[in-house]
Amino acid sequence: MDRPVLPLVGAPRAERADAVRNRRQLLATAREMLAEQGVDKLTMDALAERAGLGKGTVYRRFGTRAGIFKALIEDDEQIFQELLLSGPPPLGPGAPPLDRLIAYGAARAAFLIEHREIVRAAIDGRQSVPAGTEMNLSRMHIRMLLRQIPLGAADLDILTVQLTAALEGPFLLYLSATDISDLTLHTQERTAQGWRDLVRRVCRS
């Protein structure tokens, strides 16, 4: 019960060897460009030129500029997921579900803060709700933990959506409108405390 089977976020489908190689090369090149030049300089055309691949390859792989950043986030989220599945408690298995839920919110907030520039760039304005990533990881993990907490007749499906939105939706909008470069640790602490207060009230028997 402690180790749910979660779908890997952004896990690529079975692909040809050359397609896998191109994907790895493009993501590695994108990370180099981000480190050297920042988010604003990373465009589809610039990535294709730097990687030495055709523009068509880049457009087929990512679709849009936002798709590049979404792929980068999904790549890092697979590492984050491994901490949930096999890392030390309370984030990983072995702790009471309420403690794991509180720890998850703090860790997820820290992840979003650390990746805030990439998360902002991954927001696709063509989406009806600009919530960034699809939040599959949060939604499934929060739902799994809520099932293990005695909440009476609570509607777990709706509660899961609301807690996921409280953690990720408004938080992403906050990051998009705020420069927190000099206040990262303080923001992480405040966000973790806010999540802890919210979850304890929601899950109070």
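If the viscosity is 0.890 mPa s and the temperature 25 °C, what Stokes-Einstein diffusion coefficient in µm²/s follows for segment 9-63 when Rh is the Kirkwood radius over Cα pairs?
211 µm²/s
Using the number of other C-beta atoms within 10 angstrom as an exposure proxy, rank I102, I158 with the fewest first. Mind showing how you got there, number by number?
Numbers: I102 23, I158 9.
Ordered by Cβ neighbours within 10 Å, fewest first: I158, I102.
For H186 and R147, compute 0.36 nm times the residue count separating them, minus their Cα-Cα distance, and round to one decimal in nm.
In short, 10.9 nm is gained.
Starting from the 7 Å offset along Cα-to-Cβ, what nm value, one decimal, do you get for the label separation of T64 and R21?
3.2 nm
Taken together, the values in this text are just the output of simple stated rules run on the coordinates, not laboratory data. Given the structure is predicted, the values throughout are model-derived calculations rather than measurements. With ideal geometry, Cβ positions are generated from the backbone for all residues, glycine too; neighbour counts draw on all protein chains shown.
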